[in-house]
Amino acid sequence: MEPQKQRHSTFLIQYHFVWCPRRRRKVLKGAIAKRLRELIWEAAKVIECEVISVAIELDHVHLFITGTPTLAPYQIIHRIKGRTAHYLRREFPELMKMPSMWTSSYWVSTAGNVSAETIRKYIEAQGTRD
């Protein structure tokens, strides 16, 4: 993946998110899973992020997405979960039986083209050359 550019910055920010439906219910199947995938892509576009990959299991979602320096990870996942919950619960009345669509928690990690070890070595080497 190529770095993205804005007026005063060049960046490559990638996040791996995992989240679950409330009470880890196995509701992400069939038409619900298909619509969720569409909604994730739409939500990412609205917040100017790009989906790299999505995997929807019966009871959890994996999302690999690019970010921007202007959005914190919690803002990205909050907007995606909020938008998808709103539309899924409106379109699939059976989801209204749940107290909420998603748990409030999620897992996130970062990814990049260089390892943490490479960055550490680069920083430690600064100022040591003559």
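The values are calculated or read from the model by the stated rules, or taken from the named source; none is laboratory data. It should be emphasised that the depicted structure is a prediction, and the values quoted were computed from it without experimental measurement. We place every Cβ from the backbone using ideal geometry, glycine too, and count neighbours over all the protein chains shown.
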Exercise. Which strands (runs of 3 or more DSSP E) does the stretch 21-130 wholly contain that include 3 or more residues that are touching a residue at least 40 places away in the same chain (Cβ under 8 Å) and crowded, with 17+ Cβ neighbours inside 10 Å?
Worked result: 61-67
Seminar exercise, completed: Residue hits (the stretch 51-83; under 11 Å from Ile40 (Cβ atoms) and among the hydroxyl-bearing types (Ser, Thr, Tyr)) are Ser53
Exercise. Residues of the stretch 1-15 being farther than 10 Å from Gly67 by Cβ and either surrounded by 10 or more Cβ atoms within 10 Å (Cβ to Cβ) or modelled with pLDDT of 85 or more (or both), which ones?
Worked result: Met1, Pro3, Gln6, Ser9, Thr10
Exercise. Among Ser109, Ser100, Ser104, which is the only one that is among the polar types (S, T, N, Q) and touching a Phe, Trp or Tyr at 6+ places or on another chain (Cβ under 9 Å)?
Worked result: Ser109
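Can you confirm whether Arg129 is of a type in the set (Lys, Arg) and at pLDDT below 95? Break it down stepwise before answering.
Details: of a type in the set (Lys, Arg): yes; at pLDDT below 95: yes.
In short, yes.
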